[in-house]
Amino acid sequence: MRLESVHDEGVFADLESEWNGVLDASGQSSPFLRHEWLAAWWKAFSTERWTLDVLTYRDDSTRELLGVLPLFNERAVDFPRARTVRFLGDEGVGASGLGVFARPDVEHAVSERFAQYLRETRDEWDILDLRLMTADDPFGTALAAPFARGAVRIVPDVQARPRISLPSNWETYFGQSLSRSMRKNVRRRRNHCAKAGVKFEVVSDPADLPKALEDIARLHEERMQHVVGRGYHPKAQSREFMNLTSERLLDEGRLMLAFMSVQGERVAGDYCIRHGDTLYGIRGGFTDEWGHLGVSTVLFSFIVEQAVRDGITMIDLGLGDQEYKNSWGVTGVRRFSDVRAYSGSVRSQLCYGRHASADLIVRMLQACPPRLRNRIVLLAKKGRAIGNTDVEELVASLFARGTNAGNGAVPSPEAVAERNDILSGEATGEQAETCVGGGE
């Protein structure tokens, strides 16, 4: 077996066919690990401080690709200028379940070899910051083994993706999966929308795509500004990414870009992608002006109806386990963990001390009343304005651990959006408030 590291973008591009072949054969098959998804993400998001470092594992004799670990290296600008290894695709596009994928018969061996390689090359990095890894991923277990005690931090349940199973027809789903009150709510809102002249549409013509992408971005931004505040603005890279990927997704029949319109104006929208028999909610929003009619709830009910007709058997409701999603009859939840490892370098020790201090403060603050936590949020905003990453890290831990990890509590949509808006402007948390499924 031979492990290779790919740094060249041309070599990375040439991997697409065999990359997707291994992914389809693996147990980790996901739209967020497909080559075209990650290549577009790299094109949209990469900066001069980032370097590709995609690890591949091949059979020595046949040169057959057996497994992949999509990584890149980032050099920080601020002190102590740490060198951080991250997953490709880990921000701004609502991805999760990132990490190793391999042919099933060699999955554990490949995971262990990749983990061992990262240990052997730890003089080339300071921090492994691997976010939104599937909770039971064997790579996470393998990664903890080669490092010294205390050098690896695993934060469980930092995010979740609720799912609903779909029967063969809408009537069965509506009658059996939804509660009596939810059925009444959907009927009432559908009637109100019908009287107001609201219409359902799914974009199918490539010529309509540019305008549709502008509309989904507008609706999403308007919704997020309502939740987070008028200071919220999405990253330009996210829009570029959607422009890069959407035409191909539409051409392959894998994009469902659905809207509710009133007199020709789109007032609610959801951007969903199909992978196999599953429909993934990526982004959505609606205008405040029509929120009182429940346009987003009505839109999602039509999406479910359309999905059943298209043979979809599962809908992934996007990042975030907000309570309103349960009203759609959630049948399962995929959970994700963050893994951070320290190499032992001086830079990593400085970062470790900072993170450990933040953890200590977080444990002291977990029992504090909400008002004090709100003051911490305001402090973090000020910290971000002056580049105080210590404060940002503190609030990241406060929200991830204090409101969601390990204690069974579910953060509010406002808390999730606020936390991620503070930390990264958009990052993964923007999709935590996708508005897929309603939330009015």
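Derived from the Cα gyration tensor, the three semi-axes of the equivalent ellipsoid of the range 62-153 are 22, 16, 13 Å, largest first. Modelled label positions at T47 and H292, each set 7 Å beyond Cα in the direction of Cβ, lie 4.4 nm from each other.
Determine, from the Cβ-Cβ distance of K211 and Q263 and an R0 of 22 Å, the FRET efficiency 1/(1 + (r/R0)^6), rounded to the nearest 0.05.
0.85
Charge dipole of the range 264-332 (Cα centre as origin; +1 on each Lys and Arg Cβ, -1 on each Asp and Glu Cβ, all else neutral): 160 debye, rounded to the nearest 20.
List the relative contact order of the range 194-291 as a percent without decimals, with contacts defined as Cα pairs under 8 Å and 6+ residues apart.
Value for the range 194-291: 34 percent.
The Cα-based radius of gyration and maximum Cα-Cα distance (Dmax) for the range 120-192 are 22.4, 64 Å.
Set the Förster distance to 45 Å, then compute FRET efficiency between A194 and S168 from the Cβ-Cβ distance, nearest 0.05.
Computed FRET efficiency for A194 and S168: 0.95.
Using R0 = 25 Å, the C-beta based FRET efficiency linking V346 and A144 works out to 0.65. The order of the peptides 169-176, 281-288 by mean Cβ neighbours within 10 Å, most packed first, is 281-288, 169-176.
Can you list the GluC sites (Glu not before Pro) in the range 211-281 that are in a DSSP coil and have 16 or fewer other beta carbons within 10 angstrom? Let's see the in-between values first.
Numbers: sites: E214, E221, E222, E240, E247, E252, E265; in loops: E252.
Sites meeting the loop and neighbour criteria: E252.
Run the reach check for K195 against aspartates and glutamates, Cα to Cα strictly under 15 Å, same-chain hits fewer than 8 apart removed. What comes back? Once the sequence-local aspartates and glutamates are set aside, nothing remains near K195. Past 25 Å, Cα to Cα: identify those pairs from K199/K235; K43/K325; K184/K325; K43/K235, in the order given. Too far apart for the 25 Å limit: K199/K235; K43/K325.
Since every read-out is calculated from the coordinates, none of them should be taken as a lab result. Please read these numbers as outputs of a predicted model, since none were measured by experiment. Every residue, glycine as well, gets a Cβ built from its backbone with ideal geometry; the counts of neighbours run over all protein chains shown.
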